[in-house]
Amino acid sequence: MISPDEALRLVLDAATPLPPVALPLADALDLILAEPVASDRDDPPFDRAMMDGYAVRLAGAGRSSLVIGEIAAGSSFASSLDDGQAIEIMTGAPCPPGTEAVVPKEDVRREANRVMLPAAIRPQQNIAPRASVCRAGQTILEPGTAVTPLVIGVLASAGRAQVSAIPRPHIAIVTTGEELVSETDWPGAAQIRDSNGPMLAAMASRLGLAEIHLAHARDTPDDLRAALDAADDADAIVLTGGVSAGKYDIVPGVLAERGARHVFHKVAQKPGKPFLFAVRERPTRSSFGPPQLFFGLPGNPLACHLCFHRYVAAAVRKMTGLPPASPPLAGRLTEPFSVTGPRVLFQLARAERNDGGDWLLTALRGRGSADLINPAAANALIRLDPQAPPTESKNISFELLHPLS
Ligand code: AMP
Ligand code: MG
């Protein structure tokens, strides 16, 4: 059995960034840019007035100048400015040739067609010179840049309606189990409702994944094969249930039969020991595309949650070209508890900051390993390693499940 760290390493080794695609600008939000972007114009494209006021000559300082016209944003003035002249100008308008400074409106006195200028005028004041931000052809965004709303603004200013970015993976979620009915159905005496399918779909949504294919398979090879056939376009296929040692745990066999190589099966973690990870190469016309990843999560809802959070989410980030999630935090347990047995314990918890800024962690221990109800208020996941039992309950490693929670 491999350790959770080794398992994560193997998952990340297999996950490769997807080939870039051209996307409309708005669809690139929160993706990673896959091309360098150059400015198509000088920025600013002209000497730009930075204040509402007057474009003036320095010779006019402390004297009155003749106002020969006005320039609103979006228009320009053909002739140039001579000594003794001024032009009323608005923020964002191009300064006419000959402009040596822009004097703000509040610093002048206007009388009919003349304007009295202040005694001190700094050369070039309130003018953003042409190309002072960047020149046409200059690279303004490097590949690998995360497309934030600010970057969307930059791309729009450079005239990009489409950009090349690493897309989000398509994900399929396949629940397995004869005993399951959906939340809209009334379960029979021996049945339960499917909680993993909706929970995993919600976790996928939080990763920004939009293309989520949901399917359910009964515990028969034919039904599972049909569900996997329907999910065959997905980059990552997340299955729940049917990966343990039971007679009807058919997932490992059906995946192997379809050419998915088992990378590991079983991880020394609690919950989630039966976790299976498999990879299938995908031939494209010329070579091999990024491999298809299969995550066989145990059916136990807490195990399922942990394995998606820890392994599937990490793989999705890597496939999307994103850096790994932020490193774990450290906090203090409000009530100590210890880890029994040789496996690493992942425990859902409530993390709150006290007045001193320290994180206080309260484990939300369920009644049994299948209890999703009592840990449902969790916003954090604690990690306790058996090799390094905490002597005190300080410096406990944990991570927040989601910034919003
Ligand atoms: P399995 O991994 O298939 O042996 O399932 C382990 C436990 O998780 C069993 O008690 C199942 O009934 C339960 N389980 C499996 N899949 C789901 C699911 N989608 N939603 C809720 N519970 C499930
Ligand atoms: Mg099952």
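The values are calculated or read from the model by the stated rules, or taken from the named source; none is laboratory data. Please read these numbers as outputs of a predicted model, since none were measured by experiment. Cβ atoms come from the backbone with ideal geometry, glycine included; neighbour counts cover every protein chain shown. Protein only, heavy atoms only, side chains kept; ligands, DNA and RNA dropped before computing areas. Shrake-Rupley method; radii C 1.70, N 1.55, O 1.52, S 1.80 Å.
Is the shape of region 46-170 rounded, prolate or oblate, going by the alpha carbon gyration tensor and its root eigenvalues a ≥ b ≥ c, with a/c under 1.5 for rounded and a/b larger than b/c for prolate?
prolate
Probe 1.4 Å, all protein chains in place: accessible area of Ser39 in Å², nearest 10?
10
In debye, nearest 20, what is the charge dipole magnitude of region 186-323 about its Cα centre with +1 on Lys and Arg Cβ and -1 on Asp and Glu Cβ, if you could check?
560
Cα convex hull of the chain: mean projected area in nm², to one decimal?
29.5
Taking H placed 1.01 Å from N in the peptide plane, check which residues at least 5 places from Ala380 or on another chain put their amide H under 5 Å from its amide H.
Ala349, Ala351, Leu401
Using R₀ = 60 Å, calculate the FRET efficiency as 1/(1 + (r/R₀)^6) where r is the Cβ-Cβ separation of Glu142 and His265; round to 0.05.
FRET efficiency, Glu142 to His265: 0.90.
With a 1.4 Å probe and all protein chains in place, put His216, His402 in order of accessible area, largest first.
Largest accessible area first, the list is His216, His402.
Between Leu360 and Arg110, 0.36 nm times their residue separation minus their Cα-Cα distance comes to what? Before the final figure, lay out the partial values.
Details: separation 250, 0.36 × 250 = 90.00 nm, distance 6.46 nm.
Value of the extension gain: 83.5 nm.
Tell me, what HN-Hα J-couplings in whole Hz come from the Karplus equation 6.51 cos²θ - 1.76 cosθ + 1.60 at θ = phi - 60° for each residue of region 108-121, using x for Gly and Pro?
With the stated coefficients, region 108-121 comes to 10, 10, 9, 9, 6, 9, 10, 9, 8, 9, x, 5, 9, 10 Hz.
Cβ under 11 Å from Ala210's Cβ, Ala210 left aside: what net charge do those residues give with Lys, Arg +1 and Asp, Glu -1?
Neighbour charge sum, excluding Ala210 itself: -1.
I'd like the Karplus ³J(HN,Hα) series for region 310-319: coefficients 6.51, -1.76, 1.60, θ = phi - 60°, whole numbers in Hz, and an x wherever there's a Gly or Pro.
So the Karplus estimates, Gly and Pro as x, are 7, 10, 5, 4, 5, 5, 4, 4, 5, 5 Hz.
For the chain, give me the percentage of DSSP beta bridges that are antiparallel, rounded to the nearest 5 percent.
Details: 55 of 82 bridges.
Roughly 65 percent of the DSSP beta bridges within the chain come out antiparallel.
Rounded to whole Hz and in sequence order, give me ³J(HN,Hα) for region 272-281 from the Karplus expression 6.51 cos²θ - 1.76 cosθ + 1.60, θ = phi - 60°, writing x for Gly and Pro.
Running phi through 6.51 cos²θ - 1.76 cosθ + 1.60 with θ = phi - 60° gives x, 4, x, 3, 10, 10, 9, 9, 10, 5 Hz.
Keeping all protein chains in place and using 1.4 angstrom, which order do Val154, Val102 fall into by accessible surface area, from largest down?
Result, largest first: Val154, Val102.
Per-residue accessible area for Lys266 at 1.4 Å probe radius, Å² rounded to 10?
Here the residue's solvent-accessible area equals roughly 80 Å².
Starting from the Cα gyration tensor of region 330-396, take the square roots of the eigenvalues, sort them a ≥ b ≥ c, and report rounded, prolate or oblate (rounded when a/c is under 1.5, otherwise prolate if a/b is larger than b/c, else oblate).
The shape class here is oblate.
Using a 1.4 Å probe, what is the accessible area per residue for the chain, in Å²?
50
Please enumerate, by chain and number, the lysines with C-alpha under 26 Å from the C-alpha of Lys394, excluding those fewer than 8 residues away in the same chain.
Lys270
So what's the back-of-envelope 222 nm ellipticity for the chain, counting only DSSP H runs of four-plus at -39500 (n - 2.57) apiece and dividing by all residues, rounded to 500?
Value at 222 nm, helices only, nearest 500: -4500 deg cm²/dmol.
Near the amide H of Glu178, under 5 Å away, which other amide H atoms are found, from residues 5 or more places off or on another chain, if H is placed in the peptide plane?
Asp219
Using alpha carbon centroids, what distance separates region 52-77 and region 115-181, in Å?
34
Could you work out the relative contact order of the chain? I mean the mean sequence separation of Cα pairs under 8 Å and 6+ apart, divided by the number of residues, in percent.
The value is 16 percent.
Excluding Ile382 itself, what net charge comes from residues whose Cβ is under 13 Å from its Cβ, given Lys and Arg +1 and Asp and Glu -1? Please report the intermediate quantities before stating the final value.
Values: positive: Lys270, Arg310, Arg332, Arg350, Arg365, Arg383, Lys394; negative: Glu335, Asp385, Glu399.
Net charge around Ile382: +4.
Around Ile89, what is the net charge, scoring Lys/Arg as +1 and Asp/Glu as -1 over all other residues with Cβ under 15 Å from its Cβ?
-3
Please report how far the C-alpha centroid of region 1-49 lies from that of region 305-345, rounded to the nearest whole angstrom.
24
Ranking request for peptides 352-359, 137-144, 230-237: highest mean number of other beta-carbon atoms within 10 Å first, then the rest in descending order.
Most protected by this proxy first, the peptides run 230-237, 137-144, 352-359.
Taking the full set of protein chains and a 1.4 angstrom probe, give the accessible area of Leu239 in square angstrom, rounded to the nearest 10.
0
Treat each spin label as a single point 7 Å out from the Cα along the C-beta direction, and report the Ser64 to Ser397 distance in nm.
7.9
Check cross-link reach from Lys273 to the aspartates and glutamates: straight Cα distance under 18 Å, and skip same-chain residues fewer than eight apart.
Asp5, Glu6, Asp249, Asp371, Asp385
For Arg280 and Ala78, what does the FRET efficiency come to when R0 = 60 Å and r is the distance between their Cβ atoms, rounded to the nearest 0.05? Display every interim value, and only then the final one.
Details: r = 67 Å, r/R0 = 1.12.
That pair, Arg280 with Ala78, gives E of 0.35.
Using a Gaussian network for the chain with springs between C-alpha atoms less than 10 Å apart, which of these wobbles most: Ala204, Ala101, Ala376?
Result for the chain, Cα springs under 10 Å: Ala101 fluctuates most.
Using a 1.4 angstrom probe with every protein chain in place, what is the largest-first accessible-area order of Glu257, Glu88?
On the way: Glu257 100, Glu88 40 Å².
Largest accessible area first, the list is Glu257, Glu88.
How many nm separate the modelled label positions at Ser157 and Ser338, each set 7 Å beyond the Cα in the direction of the Cβ?
Between Ser157 and Ser338, the label points sit 6.0 nm apart.
In terms of modelled amide H atoms, which long-range or inter-chain residues lie less than 5 Å from the amide H of Gln125?
Val102
If a/c stays under 1.5 just call it rounded; otherwise compare a/b with b/c (prolate if a/b is bigger, oblate if not). Do that for region 198-334, with a ≥ b ≥ c from the square roots of the Cα gyration tensor eigenvalues.
It is oblate, given that a/c is not under 1.5 and a/b is not larger than b/c.
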